[in-house]
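Chemist: Following this message is one structure expressed as structure tokens.
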Amino acid sequence: MFSDRSDAKNLCRTHIALGNVHRLTRDFNSARKNLMHAYTMACDLKIPREECLSLEFLGDVFRDEGKPEEARRYYQRGLAIAREIAPEGDLVMELLRREGECLVDEGRTGEGLEVLARALSHTRKLGDRFEEGVTLRCLARGLLQAGDVEHAREYADEACGKLEEIDARHEHAIARLAAAEIMLRLSESPSVAEPRDALDGAWEHSLVAQGICRSLAIEHWTDAVKRVQSRIAKRRAEELRYAGAREKTKPGETYKPGDVIIAESRGMQEVMQAVRAFAPYDEALLLTGETGTGKEVIAQRIHRESLRKDKPFVAVNVTAVPQTMFEREFFGNVKGAFSGADHDRQGLAARADTGTLFLDEIGELPSATQAKLLRLLQDGSYFCLGDPVERRADLRVIAATNIDLERAVSEGRFREDLYFRLAFLAIPIPPLRERPEDIRPLLDHFLSLSAGRRVTADQYFNDQSLRLLAGYGWPGNVREVALVARRAFISQQTFGHVEVEVGTGEDTMVLGGPGLAGVAGGRSGDPAPLSRARILLALEEAGGNRTAAAERLGVARATLYRRLTKLGLD
């Protein structure tokens, strides 16, 4: 037993202080023991402030261990006590901020931002500069997670400034690290004209964080800084590579950041294994798959990985050639072969000599030309129109079709011997609905093609829209993904936000960008509504002035009033 109550209180506070020190050094077991001991003592002594502080720091232990849901249980118990002690006091302020931070960590970003907005208002009423700086940093992280990078940057810069002013070094380092993350994301934003400037800003923030962490010997945060710096260095290398490609692009050409085939799914990985296995051979090859699955892209990759990679790759869509002109297009003609033939003309066979001839939609080839193609495949011989002398071509034929050739053979629409010759090596390409793992990477890829540098889908689509796209059937396959990505890019460039329709009829979805909720099942003429959290933040920043808040949100005042009424905030 203690000699007096004062000694007991002091020991309780000592355990709280020790627990927090152990937490900061990431000795979580020791931290938990001290804080649980402090909490038990505070309950026995009936000292609610210490009881609340013990719960607050116990929550911090679970938060730092990456268990935000468990942390919030301690914060909520502490918050109940804090509101009894002083409803407008500092403990309520601190616990609100912690609860909002954990909600963001749980992925409940909208709820988290709303709680953090209340916490920020509270800190400013109390004039607590330290807590204001930390809350601003938490808001910056939440806004980054919500895709509002520009506002995240503003809050992060303000947090860094305030924490540096009061020399709160540990929290200043964490705020600098958050700012580096935000600048790194900003470098990927389509609205940034010069990504390298954003990367330089990210690097500067990381260096400040690194210096503080080293001086304080904080190993955990030093490692976190190194990881961010590694990502910055990788992005710098990518940007330099893309910038070099842009400089090499001739005027009028479309810039393309590399030749990419997305193969995250097992189905596409098997396709790529077959590509690598079959590429070295000269036998004919048949690619099968629905329209838009990327058969020509696969054919090009086979050619590039073959021994003929430095020779011509000649592609033709059979359906684009009129039936009366097949023989002329395939085998060429000599001068005078027919009326109007005033000069010799090379056919596809001659143009593809020593290289690869890719025939898309081979199932539409007329029967007369099928026999001549079979002869070309068998011994490389053909006749040019108007010339009785047999010619030869050394080429490899890759054919593609979206129809069932076996059925076409059974129905007499396709020669059986030609089918077996083409299908000696065959690669079926699965439709996109059977490989959903490829959807997000494909969106990233095609958006990057439009932007002329590496960007990601979450810079153009919000979480709800991305979920809808992941579950969409994609009847147009990869080609449809490319069109959706292009429309999203054009929408963002033209209107400043993304609003894209996907699907047809009753299945139409209207998808929105970061900060806008996706809408499914119909058309929508208005952008998706502003979130409650964004409105509260804007009102807080505008000091309650609705006109200023509307300007900050980029909407008309009447739009904001309608939304306030709908949310019950008017």
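Chemist: Could you give each residue of the stretch 417-424 its phi-based ³J(HN,Hα) in whole Hz, using Karplus coefficients 6.51, -1.76, 1.60 with θ = phi - 60°, and x for Gly or Pro?
Modeler: My calculation for the stretch 417-424 gives 5, 5, 4, 5, 5, 6, 8, 4 Hz in order.
Chemist: Now for a different question. To the nearest 20 debye, what is the magnitude of the charge dipole of the chain about its Cα centre, counting +1 on the Cβ of each Lys and Arg and -1 on the Cβ of each Asp and Glu?
Modeler: Using only the charged Cβ atoms, the result is roughly 380 debye.
Chemist: Let me ask something else. With 10 Å bins from zero, work out the P(r) of the chain over every alpha carbon pair and list the percent per bin.
Modeler: The calculated distribution, bin by bin, is 3, 13, 19, 18, 15, 11, 9, 6, 3, 1, 0, 0, 0.
Chemist: Work out the length of the dipole vector of the stretch 1-149 about its Cα centre, built from +1 on the beta-carbon of each Lys and Arg and -1 on the beta-carbon of each Asp and Glu, and round it to the nearest 20 debye.
Modeler: Charge dipole, the stretch 1-149, about its Cα centre: 140 debye, nearest 20.
Chemist: Additional query: With r as the distance between the Cβ atoms of R391 and A426 and R0 = 22 Å, compute the FRET efficiency 1/(1 + (r/R0)^6) and round to 0.05.
Modeler: With a Förster radius of 22 Å, E is 0.15.
Chemist: Apply the Karplus parameterisation 6.51 cos²θ - 1.76 cosθ + 1.60, with θ equal to phi minus 60°, to every residue of the stretch 545-550 and state each ³J(HN,Hα) to the nearest whole Hz, in sequence, with x for glycine and proline.
Modeler: Going residue by residue, I get 6, 5, 4, 5, 5, 4 Hz, with x marking Gly and Pro.
Chemist: Convex hull over the alpha-carbon atoms of the stretch 7-127: what's its volume per residue in Å³?
Modeler: Once divided by residue count, the hull of the stretch 7-127 is 95 Å³.
Chemist: If you don't mind, another one. With each run of n ≥ 4 DSSP H residues scored as -39500 (n - 2.57), what mean residue ellipticity at 222 nm is computed for the chain after dividing by its residue count and rounding to the nearest 500 deg cm²/dmol?
Modeler: Helix contribution divided over all residues of the chain: -19500 deg cm²/dmol.
Chemist: Which aspartates and glutamates have a Cα lying under 16 Å from the Cα of K311, excluding residues fewer than 8 positions away in the same chain?
Modeler: Of all the aspartates and glutamates, those that pass the test against K311 - Cα under 16 Å, at least 8 places apart if same chain - are D282, D353, D394.
Chemist: List every residue whose amide H lies under 5 Å from the amide H of F358, counting only residues 5 or more places away in sequence or on a different chain, with H placed 1.01 Å from N in the peptide plane.
Modeler: For F358, the qualifying residues are V314, A315, V316, I398.
Chemist: Choose one of C138, S215, I398: the residue whose Cα lies farthest towards the positive end of the charge dipole of the chain (beta-carbon charges +1 Lys, Arg; -1 Asp, Glu; about the Cα centre).
Modeler: So the residue we want is S215.
Chemist: With r as the distance between the Cβ atoms of A277 and E88 and R0 = 51 Å, compute the FRET efficiency 1/(1 + (r/R0)^6) and round to 0.05.
Modeler: 0.10
Chemist: All other residues with a Cβ under 12 Å from the Cβ of K46 taken together, and with Lys, Arg as +1 and Asp, Glu as -1, what is their net charge?
Modeler: Charge balance in the 12 Å sphere: 0.
Chemist: Once phi is turned into ³J(HN,Hα) by the Karplus curve 6.51 cos²θ - 1.76 cosθ + 1.60 with θ = phi - 60°, what whole-Hz value does each residue of the stretch 456-470 show in order, with x for glycine and proline?
Modeler: Values, residue by residue: 10, 5, 6, 7, 10, 10, 7, 4, 5, 5, 5, 5, 5, 5, 5 Hz.
Chemist: Out of the DSSP beta bridges found with both residues in the chain, what percent are antiparallel (nearest 5)?
Modeler: If I count the DSSP bridges inside the chain, around 35 percent turn out antiparallel.
Throughout, read-outs are computed from the coordinates displayed, never taken from laboratory work. Predicted model, so just to flag it, every value in this text is computed and none were measured. For neighbour counting, all protein chains shown are included, and Cβ atoms are generated from backbone atoms with ideal geometry for every residue, glycine included.
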